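Working notes, structure below.
The values are calculated or read from the model by the stated rules, or taken from the named source; none is laboratory data. All figures in this text were calculated on a predicted structure; none of them were measured in a lab. Here Cβ is always computed from backbone atoms with ideal geometry, including for glycine, and neighbour counts include all displayed protein chains. Accessible surface is based on the protein model in full, side chains and every heavy atom, while ligands, DNA and RNA are left aside. Shrake-Rupley method; radii C 1.70, N 1.55, O 1.52, S 1.80 Å.
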Amino acid sequence: MASKFKNIRRGCFLFFLFFCSAAFFIFFQSPGLTGGDAGDLASAAFTQGIPHPPGYPLYTLIGRWLVRLPIGSTPAYRLGFLSSLPAAATVALFFWLALKIADDWLPALIASLSLAFNYLFWYQAEVQEVFMIHTFFLFLSLFLAWLWLKKPSFKLVLLLALIAGLEFGHHHTFVLVLPALGYLLFSCSKIKNLFKKKPLLKGGLVLACLSGGIFLYLILFYSTDPLSPVNWAFGQDLPALVRLIFRSNYGTFSPMKGARFSFSGGFLALLGLAHFIYFEFTLVGLFLMVVGFVWWWQKNQVFLRFSLIWFGFTGVFFLFYAGYPLSNWFSMATVERFYLLSYPVFFLWLIGGLEWIKARIAVLKIKADFKRGLLLLFLAYPLFLFFLNLKKNDYRHFWQFDRFGERLLNSCPAEAVFLNGGDLQTFASLYAQYVKGVRPDLKMISLFNPARAIFHLEELSQFRNYFEVGAQPREEFWPDFKTFLKEKRFPVCSAGEISLGEDYLVYPRGLVYVHALGFAPDIQTIFADNEKLWNEWKPEIFVTRNSLYETFFNRQLLDLYYQKAFSLSEFFFLNNEFEKTRSWLEKALWYQPNSASVLRTSILVDIKTGQCQEAESKISRFRLLFEKIKSWPLIEAVYEKECLGKEEKYQQLSRDLGMVEASGSSEMAEGDKEEKIHP
C-alpha cells in the first residue's frame, strides 16, 4: 500500500513538473519565425508539402495538423508546440531517470532544472525545429537502457525498436546511438532467453516496430500536394521517395550540402565542442561531469562503457567525420544543434557528479540538516544558468525573421520574378509569401533548388522537362531560362548579386538587387527610394545590440542587413556619390561596429573628398585594428598619393598587381560627369 501511494505521489509530481516545464517553455516561445530551417518546416506544414531532406515525416505530419488549430497567434507559434511540449516531457522524463539513479529527489531536481535552463536545450525548446522530438527520443532511449540494465524484458526491446523505427521517420542521426544500445542489449546474457519462446512472433513484432518510419514516409509522401511550393521530393514516384529518404540532394553520408571531410576540419569541430561545453555548462557543470564520470566508474562500469560508446559515436566520431566548417554564423549554428545528440550522456554524468558530491557530504561529521543544506546549495547552479541565459532565450516578442522575409519580398517590383538564394532568405520568404500571404504577385525561384518553383508555377511549366532526376536541372536550363526572362520582359529581382546578361542594369533596392532591362532610375531616385524603405524599418532593425543576437542564426540575420547596407554604400561610391556613401556606411556600422570594409571605404571617401585629416585619423585606427588585412597597403598607397603627393608606393603597387586604379574605385574620366548605373 505504501509503495502504491509512493508511485501515485511520484506520478503526480512528474505531471506537475511536466506542466510547469511546458508553461515555462511556452511562455518564452517565439510567436514568429525563428532562424535555421524554421521557415522551411512551417511553410511545408502549412502548404501540405515536404521540407528539406530527409523530410522529417513524423514532425511534418503532426505539424500539418497543428498549424491549423485555432490556438495561438500564428502558424509559426503553433508549430513551436512541437518543440516546447517534447522539451517539457524530456525534463520530466530525465527527473524520473535521475530519481531512479539517485533515489533522492534533490539531486534529481537539480539535474533536471540544469537541463531545462541549459542554453541550447532552452533555445531549441522555443523555436520551430525538429530537434526537441529527437532529444525526447534520445532521453527515452537512455531511460529504457537503464531499465534494461536493472531488469531485462522483451517489452523494453520492443519499445527500443519502436523508438528506432519512429526516429527513422524523424531524424536519421539516431543511427549513431545504435552501437551503444546494441552493446548494452547484448552485454546481457538473458537476451537470448527472451526470444526462445515464440521467436518468429517476437522477431516479427520487432521488425514491425523498426519499420514504423517507412510507414510514416509513405503517409507523408502520398498525402503531399505535388504542386506545393515547398516540396523537396521533386516527384511522386518510388525513386523520388528513395532520394528523399537517403538525402540524395545533400549527399547521403554528408552532414550538410558542400561539406567535405578533412582532418583539420574534424579537429576544429571537436575543439568547438570543447569550447561549447566549457562556456555553456560553465566550470561547475564541467566539474560535476568529470567527478560524475568517476562515480559511474566506481558504481557501474557497464553503464559507463555504454555512455562512452554513445558519446564516442554521437560526439567524437560524428563531429570529427562531419567536420563542419566553423567559418561563419550559419555553419556554427548548424553544428551547435547536433551537440544535443550527446546531451543524455552529459546529464547522465552530471547526475553522477551530484551523487559523488552527496557521498562526500555524507562522511562529514555534521548534523544531517546541515548536510542537506550543503547539497541544497547546488540549486544555485541551475538558477545561475537561468539568469545567464534568460536574455538571449527570451523570444516572447521575436518577429525579426517574419519581418526580414516580408522586407525581402516588398523590396521587389510588382509582378517580378524573384531569384532567391541562401537558406535564411529563401525560408523566410517562403513563409512570408505562402503562409502569411505577402506579395502573392511575385514568382519566387530558389537558385539552389529551382525545381520547386518550376513545378509550382504554371507560368514556368514549359521548363518542367529540364528536371528529369531530382532537384538539379540540366545544364541548358539556366541559359534558356535567362532567354525566357528577357523575351517575356519580366521584372527581375535577386537576393544576391548575379548576372543575367549585359542587357540588364542592376541597382540595389531595399534588401534585393533589381535587374532593369535597358533602363534604370537615376541615382537620386534610387537613393530616395532606399532611404524611404530603410526608414520604415528603422524602429525595429536598428536596435541590434540585444542579447537575442548572441545566438548564431540571429547574428547571421544582422550580417545580412549589414551586407545590404554596405552594398548600397559601395553602389553610391562607384557612382561618385560620396555623401550618399557616408549615409549608408553609417547604417552598416549599426550592424557591424568594427567592420574593416566600412572603415576602408570611409577612408577612401575622405580621400576622394579632400578630407585628408579625417582620413589620417581613420588610417591610424585601421592600422591598429586591421593591419594584417591585404587591402592595407593599397589604402596607405592611395592616401600617400592623394594627400601627400607621394606616388612611389602607389606606382609600385600598380606595377606589382597590374592595377590601373589601386584605390578600388571606378574613376570617372575627366569631364565625364553623368550618373552611371554599374552592374
**OP:** May I ask for the distance between the Cα centers of segment 25-54 and segment 343-368, given as a whole number of Å?
**Re:** 40
**OP:** State the antiparallel share, in %, of DSSP beta bridges confined to the chain, rounding to the nearest 5.
**Re:** 55
**OP:** Name the residues whose placed amide hydrogens come within less than 5 Å of the amide hydrogen of Gly169, ignoring near sequence neighbours (fewer than 5 apart) on the same chain.
**Re:** Gly213
**OP:** Quick one: what are the phi-derived ³J(HN,Hα) couplings along segment 165-180, Karplus 6.51/-1.76/1.60 with θ = phi - 60°, whole Hz, x for glycine and proline?
**Re:** x, 5, 5, 4, x, 9, 9, 5, 5, 4, 4, 6, 8, 4, x, 5
Original post:
In the chain, what cysteines have no partner Cβ closer than 4.7 Å?
Top reply: Cys12, Cys20, Cys188, Cys209
**OP:** Determine the order of Trp632, Trp534 by accessible area, beginning with the largest, at a probe radius of 1.4 Å.
**Re:** Trp632, Trp534
**OP:** Please arrange Glu647, Glu586 by accessible surface area, largest first, computed with a 1.4 Å probe and ligands excluded.
**Re:** Glu586, Glu647
**OP:** Filter the cross-link list Lys151/Lys299; Lys151/Lys358; Lys100/Lys196; Lys564/Lys587; Lys150/Lys371 down to pairs whose alpha-carbon distance in this structure exceeds 20 Å.
**Re:** Lys151/Lys358; Lys100/Lys196; Lys150/Lys371
Subject >> Cα-based helix-to-principal-axis angle, 380-389 vs the chain, degrees rounded to 10 >> reply: 20
Subject >> Tilt relative to the chain, helix 199-210 - C-alpha long axis, 0 to 90 degrees, to 10 >> reply: 30
**OP:** Beta carbons within 10 angstrom, averaged per residue: use that to sort the peptides 393-400, 196-203, 422-429, highest first.
**Re:** 422-429, 393-400, 196-203
Subject >> Interchain or long-range residues, amide H under 5 Å from Trp232's placed H >> reply: Ile50
Subject >> Cα-based shape type of segment 23-171, given that a ≥ b ≥ c are square roots of the gyration tensor eigenvalues and the cut on a/c is 1.5 >> reply: oblate
Original post:
Within the accessible area of the chain, what % is carbon and sulfur when the probe is 1.4 Å and the other protein chains stay in place?
Top reply: 63
**OP:** Mind listing the long-range amide H neighbours of Arg509? Cut-off is under 5 Å, sequence gap 5 or more, other chains count too, H placed in the peptide plane at 1.01 Å from N.
**Re:** Val514
**OP:** May I ask for the Kirkwood hydrodynamic radius of segment 403-524, worked out over all distinct Cα pairs and given in angstroms to one decimal?
**Re:** 14.8
Subject >> Principal-axis tilt of helix 212-222 within the chain, Cα atoms, nearest 10 degrees >> reply: 40
Original post:
Each residue of segment 302-313 in order: what ³J(HN,Hα) in whole Hz does its phi give by Karplus 6.51 cos²θ - 1.76 cosθ + 1.60, θ = phi - 60°, with x for Gly and Pro?
Top reply: 5, 5, 5, 5, 4, 5, 5, 5, 4, 5, x, 8
**OP:** Assuming a ≥ b ≥ c are the square roots of the Cα gyration tensor eigenvalues, decide whether segment 292-413 counts as rounded (a/c under 1.5), prolate (otherwise, with a/b larger than b/c) or oblate.
**Re:** oblate
Original post:
Which whole-Hz couplings ³J(HN,Hα) result when phi for each residue of segment 97-111 is put into the Karplus expression 6.51 cos²θ - 1.76 cosθ + 1.60, θ = phi - 60°, listed in order with x for Gly and Pro?
Top reply: 5, 4, 5, 5, 6, 8, 6, 7, 5, 5, x, 5, 5, 4, 5
Original post:
What value, in deg cm²/dmol to 500, does the helix sum -39500 (n - 2.57) over DSSP H runs of n ≥ 4 give at 222 nm once divided by the residues of the chain?
Top reply: -19500 deg cm²/dmol
Original post:
Rounded if a/c is under 1.5, else prolate if a/b is larger than b/c, else oblate: which is the chain, with a ≥ b ≥ c the root eigenvalues of its Cα gyration tensor?
Top reply: prolate
**OP:** Calculate, for the chain, the solvent-accessible area per residue in square angstrom, rolling a 1.4 angstrom probe over the heavy atoms of the protein chains.
**Re:** 44
